[in-house]
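The values are calculated or read from the model by the stated rules, or taken from the named source; none is laboratory data. Remember, it's a predicted structure, so these values are computed and weren't measured experimentally. Methodologically, a virtual Cβ is constructed for each residue, glycine included, from the backbone with ideal geometry; neighbour enumeration extends over all protein chains shown.
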Amino acid sequence: MTIGIIGSGLMGTGIAQIAAAAGESVLLFDTKAGAAEKAVASIGDMYRKLAAKGKMSDPDAVHARITVAPSIDAMKDTRLVVEAIVEDLDTKRDLFANLEAIVGDNCILASNTSSISITLLAAKLRRPERVVGMHFFNPVPLMELVEVVKGLATSDSVAEQVFATAARWGKTPVYAKSTPGFIVNRVARPYYAEALRLLNEGAASAASIDAIMREAGGFRMGPFELMDLIGHDTNFAVTRSIFNAYFNDPRFAPSLIQQELVEAGRLGRKSGRGFFDYAEGATPPAPQFETPRPAPHHFSIYGEDPLMAAMVVRLHSFAQVSTCPHLIADNATLLLTDGKRASERAPCERLSNVVLVDYASDFGAAKTLAVTRAATCTDSAYASAVGLLQAAGYKVIRLRDLPGLAVLRTMSMLANEAADAVNQGVCTIEGVNAAMRKGVNYPIGPLAWAEQAGVVRVREALQHLSEYYGEDRYRTSPFLREF
Ligand code: NAI
């Protein structure tokens, strides 16, 4: 039976493209005159391009499976209608009410909404159990994730059918309970929020934080360049709506820095300027790397921290190996951050000249590492620590001495949010890991990362953040305490 798609904008076009490519007959409808025809023509162009690259064998036959619906009444015999119209509750509710009068009793009504409650969308319908979220990610043909969102009334069978359909269309479906932001838009908040906090507190420049998150954290894009790409109006609106929807939970608090960018019209790439300048001839943002320092005269590696093992391999050719968890470069002591500030750790552990190294997703492959130094660390000891890391092939960025530095802090907060989503029954552990990898291209799922880094380490980092800031924002999810 045919699939109906309502709304032939960016998302509707992508959904029609993949559904027909997966063998479905698709009816596409849009209220704007000529919009659906234009979308169908553009899909045809896309198929022909795919065929030219050898990725599709019969583009014309696939294209012929998509038809423009002359009116919404044409949806009569569909088994599933996916709406991708304007993001407005009343407009979507009216559409579903109209559709209920047209389609058969077994037809599923799915919404591609990113932010509207599926429970609310379904509430006034005759058969709310057939309403479900089918949340694709942009660009639809490339992003594998589909969040299958269950409202309070959604029947299991309806959710299962949509899950199976998404899988047949080549996607990775993940179940989510209808809660603000579903999975991805909620769990991703700390990626932006912690970066904005770091910038606000003068930890480093936006370009430096981006370089750390890309080259040590393993993310495809740094948080600031990503916000510039998404658009600050959109990103800020999503943050605000999630903050409001969770009754002002400080974990989701928006940033004044981002608000100011929106107020100034610096919306990012689309307006030519956001954190960075996109005007022609503008200087590309440059991270502030430490200048080259000579390798230390003496250094030793103490310890077996498995996270540092790959870094130790890079240093091995120079070093004597012993057994205690830190590195010594001349008289500097390099420690992996545990979330405490360098200046706190020095007296606690009776160590002098403490330099903390931020977490990296892969110390063997990382190009850049972030460090900070205790207030008591001498310049010459700090230079030896930097020289050691540079000798091992890392570029070094110095951060202000803030708890958890950049990667550990961000990853811990991502894991914390993921844990809370699991704790509140929004999704499973596997679901949140898959959603963040397939929906926003994270290098690893947040809870898979927590397991890899060590849950104790993550809990400690959150504890130290919470002690330092004294804010409820950094409270540890109960789920992470038991994980
Ligand atoms: P868009 O503005 O590109 O397209 C919306 C289309 O719907 C337009 O062609 C418009 O003429 C049509 N439309 C509006 N009201 C209609 C109605 N009552 N009946 C039939 N057609 C109608 O919007 P886009 O970006 O494709 O978003 C669509 C939906 O997908 C929204 O709910 C949005 O929140 C959601 N979404 C958007 C993502 C994105 O990155 N743009 C990502 C995931 C979900």
The range 126-148 - residue that is in a loop (DSSP other than H, G, I, E, B) and more than 16 Å from the ligand (Cβ to nearest atom) and, of those, surrounded by the fewest Cβ atoms within 10 Å (Cβ to Cβ): Arg126
Looking only at the range 63-70, decide whether some residue is buried (at least 17 other Cβ atoms within 10 Å of the Cβ), in contact with a strand residue (DSSP E or B) (Cβ under 7 Å, 6 or more places away or on another chain) and under 19 Å from Leu125 (Cα atoms). no
Tell me which of these Val86 doesn't satisfy, since it passes every other one: (1) aliphatic (A, V, I, L, M); (2) in contact with a helix residue (DSSP H, G or I) (Cβ under 9 Å, 6 or more places away or on another chain); (3) surrounded by 13 or more Cβ atoms within 10 Å (Cβ to Cβ); (4) under 30 Å from Arg240 (Cα atoms). (3)
Would you pick out the residues in the range 227-241 that are under 27 Å from Phe289 (Cβ atoms) and surrounded by fewer than 22 Cβ atoms within 10 Å (Cβ to Cβ)? Leu229, Ile230
Evaluation of Glu467 against (1) touching a strand residue (DSSP E or B) at 6+ places or on another chain (Cβ under 7 Å); (2) surrounded by fewer than 17 Cβ atoms within 10 Å (Cβ to Cβ) (one fails), failing number: (1)
Quick count over the range 109-125, residues being within 8 Å of the ligand (Cβ to nearest atom) and either out of contact with any Gly (no Cβ under 7 Å at 6 or more places or on another chain) or over 26 Å from Lys76 (Cβ atoms) (or both), is 4
For the range 251-296, name all the residues that are of a type in the set (A, V, I, L, M) and either touching a residue at least 24 places away in the same chain (Cβ under 8 Å) or touching a strand residue (DSSP E or B) at 6+ places or on another chain (Cβ under 6 Å) (or both). Ala253, Leu256, Ile257, Leu261, Val262, Leu267, Ala286, Ala295
Among (1) farther than 19 Å from Ile3 by Cα; (2) touching a residue at least 60 places away in the same chain (Cβ under 8 Å); (3) of a type in the set (Lys, Arg), which single condition is Arg79 missing? (1)
Name, by its number, the condition in (1) free of Cβ contacts under 8 Å to residues at least 40 places away in the same chain; (2) crowded, with 23+ Cβ neighbours inside 10 Å that does not hold for Val162. (1)
Those residues of the range 89-98 that are near the ligand (Cβ under 8 Å from one of its atoms) and out of contact with any Leu (no Cβ under 7 Å at 6 or more places or on another chain) come to a total of 3
Residues (in a helix (DSSP H, G or I) and under 18 Å from Gly170 (Cα atoms)) located in the range 20-50: Ala20, Ala21, Ile43, Met46, Tyr47, Leu50
Of the conditions (1) in contact with a Leu (Cβ under 7 Å, 6 or more places away or on another chain); (2) in a helix (DSSP H, G or I); (3) under 18 Å from Tyr468 (Cβ atoms), the single one that Ala370 does not satisfy is (2)
Those residues of the range 11-56 that are at pLDDT below 95 and near the ligand (Cβ under 10 Å from one of its atoms) come to a total of 0
Do you know which residues across the range 169-181 are more than 11 Å from Val146 (Cβ to Cβ) and either within 13 Å of the chain's Cα centre (by Cα) or of a type in the set (Lys, Arg) (or both)? Lys177, Gly181
Exactly one condition in (1) outside any helix (DSSP H, G or I); (2) within 12 Å of the ligand (Cβ to nearest atom) is false for Thr67; which is it? (2)
Given the options Gly202, Gly170, Gly218, Gly231, name the one that is touching a residue at least 24 places away in the same chain (Cβ under 8 Å), at positive phi, outside the structural domain of Phe252 (by TED's automatic domain parsing) and among the small types (Gly, Ala, Ser). Gly170
Enumerate the pairs (first residue in the range 176-192 and on the phi > 0 side of the Ramachandran plot; second residue anywhere and surrounded by fewer than 23 Cβ atoms within 10 Å (Cβ to Cβ)) with beta-carbon separation below 7 Å, excluding pairs fewer than 6 apart on the same chain, so at least 6 apart or on different chains. Gly181/Ile242
